[in-house]
Amino acid sequence: MERGVALGERQPVYRRSMKTADREPTHLPATAAVTVPDGGLTLRRVAIDTYHENVAYLHRDCAVVRAEGFQALSKVEVRANGKCILATLNVVDDASIVGCNQLGVSEDAFAQLEVPDGHPAAISQAEPAESIPALFRKINGERLTREDFRAIVRDIAQLRYSKIELTAFVVACNRSELDREEVFFLSEAMVASGRRLDWHASLVVDKHCIGGIPGNRTSMLVVPIVAAYGLVFPKTSSRAITSPAGTADTMEVLAKVELPFQQLTGIVRDHHGCLAWGGTAHLSPADDVLISVERPLNLDSPGQMVASILSKKVAAGATHLVLDIPIGPTAKVRSMPEAQRLRRLFEYVAQRMHLSLDVVITDGRQPIGRGIGPVLEARDVMQVLENHPDAPNDLRQKSLRLAGRLIECSPDVRGGDGFGIARDILDSGRALAQMQAIIQAQGSHGFDHQHPALGALSLEVTAPQAGLVTAIDNRQIAHIARLAGAPKVKVAGVDLRAKLGESVQAGEVLYRVHASYPADLEFARQAVARSSGYSIGEAGQLPHVFVEF
């Protein structure tokens, strides 16, 4: 008889590790009056998405700018209705953005202040972040202490760093690589910067892939399999930033993913799992701020990667984690020695944070599944859950093996038995039923996966010659899918027709690009003309695969 760990009836709770809120506005004491400068500043919502950065806007001719000596890109405090947020100042000359008596704020900042347009507001110079001396020491290549990292991360979470200071920290950590104890200090500090969930269960599992492999939607299969077994699996995922789809983007094709925190916890209590966007939980908020700098710079140093992943998992209340490290010529990790070094760093930090970690090294030579883009990936997931004859077998097999490793976290399962249990749950239809229950609980979008609507415009990419597919460039295929519109345009993406090792004839379709807008299709067409991402050759040219399952 299969047994899992049942979730208790109590709601999960969270603990604030900081005395001040992470990214939420500071509530001033009732006795502290918010003064409006002479001339009367009023708040104006400036409809600009500044991505995890509060930005304030003042007109160059505003009396406050002249009187206070404000400079562009300086840190300021914005106050309205008893609340205070930190922001980066932009000085503008266009009165259509803000007038001389207005204080403009970006979308994120406006939402945090929770006041209407035209509300009285005040602005003042912000005190410099207390951790700046520690930042300068790291820029100079010095090793930082636990207290140094706590101070830096606290200031980052409170948005006291400008983008320039954030960039300096990220680059300094990348240039003078953090030692393993520094990585632990950074991870610990990032957990302390926000909420930490407690699910009132002795065994809470999670699964994560370090990324870089298009179409790798194993989480959307592992969650219903493991939840159907009975283990607690609250999966909070991010949206794509540089990839054609994240788990949250693909799940959003099927159901709502931006859920109020209480609804999310109720779904986990009732169904043992969820697949939701993690932004509402405010877990490790400093990580979200750092990512906003790391991704545009294309920096992903091992230390910062480990701190980012493990801090989120520990903050989410996980006790056991299965970590997927794919290896391939165009994956993030390209060799077994590199993968083993990364594994040892993950294991050291996880052990210090009292997180049980199981690292698996997988085949990262090519995309997983056939679809790349939210709708196409959702189609693949549902085909696997339904045991459809056209379901991509590589996605099915990898998901079963990862689910099996998680099921083996249960003390009732012997090592090696998890794969068979996971396969039985999938083959019997129990995983499909569990997924349908989760979709209904989160709010179904009525996706027709049997006849998915795809972008009306398409481009077929064909083989230039006969032979075997000897290489598929993950990065180029992902780039083409993004140019076609994914993930913002959910029906856009790339549908693969040939995989590694398969024989093709000259002129045979390798993949089809789907787009909704002519400009997007033309961008994708130009990228394909530079490189299709496919290499056609002979069997001896196939790259070697390292798999540890």
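Placing one equal scatterer on every Cα of the range 325-456 and applying the Debye formula, the log10 ratio I(q)/I(0) at q = 0.10, 0.16 Å⁻¹ is -0.44, -1.03. Summarising the overall dimensions of the range 457-541 from its C-alpha atoms, the Rg and Dmax are 12.7, 40 angstrom. Kindly provide the helix-only [θ] at 222 nm of the chain, computed as the sum of -39,500 (n - 2.57) over DSSP H runs of four or more divided by all residues, to the nearest 500 deg cm²/dmol? Counting only the DSSP helices, I get -11500 deg cm²/dmol. On the basis of the beta-carbon distance and an R0 of 25 Å, H354 and R143 show a calculated FRET efficiency of 0.55. Applying 1/(1 + (r/R0)^6) with r as the Cβ-Cβ distance of R414 and N393 and R0 = 30 angstrom yields a FRET efficiency of 0.70. Each of Y57, Y348 was scored by other Cβ atoms within 10 Å of its Cβ. Arranged with the fewest first, they read Y348, Y57. Dimensions of the range 363-435 from C-alpha coordinates, computed as largest minus smallest value along each principal axis and given longest first, are 38, 30, 19 Å. The stretch between E177 and E114 holds 18.6 nm of extra length on full extension. This uses 0.36 nm per residue minus the Cα-Cα distance.
To the nearest ten degrees, helix 146-157 and the longest principal axis of the Cα atoms of the chain are 80 degrees apart. The angle between the Cα long axis of helix 261-271 and the longest principal axis of the Cα atoms of the chain comes to about 20 degrees, rounded to the nearest 10. Full extension of the chain between E522 and E538 yields a length gain of 2.6 nm, computed as 0.36 nm times the residue separation minus the alpha carbon distance.
Here N101 and I164 are evaluated by their C-beta separation; at R0 = 35 Å the FRET efficiency comes out at 0.75.
In loop segments of the range 94-202 as defined by DSSP, the GluC sites (Glu not before Pro) with at most 16 further C-beta atoms inside 10 Å of their C-beta are E114, E130, E142, E177. Counted over the chain, the DSSP beta bridges are approximately 55% antiparallel.
Taking the longest Cα principal axis of the chain as reference, the axis of helix 418-427 is set at about 80 degrees. Within the set K138/K163; K235/K490; K207/K332; K312/K398; K163/K256; K256/K332, which residue pairs have Cα atoms separated by over 25 Å? Beyond 25 Å between Cα atoms: K163/K256; K256/K332. Annotation for A466 and Q505: the two label points, set 7 Å from Cα along the Cα-Cβ direction, are 0.8 nm apart. A full extension of the chain between D198 and D427 corresponds to an added length of 79.2 nm, given 0.36 nm per residue minus the alpha carbon distance.
Since every read-out is calculated from the coordinates, none of them should be taken as a lab result. The shown structure was predicted, so the numbers you read here are calculated from the model rather than taken from an experiment. All Cβ positions, glycine included, derive from the backbone under ideal geometry; neighbour counts span all protein chains shown.
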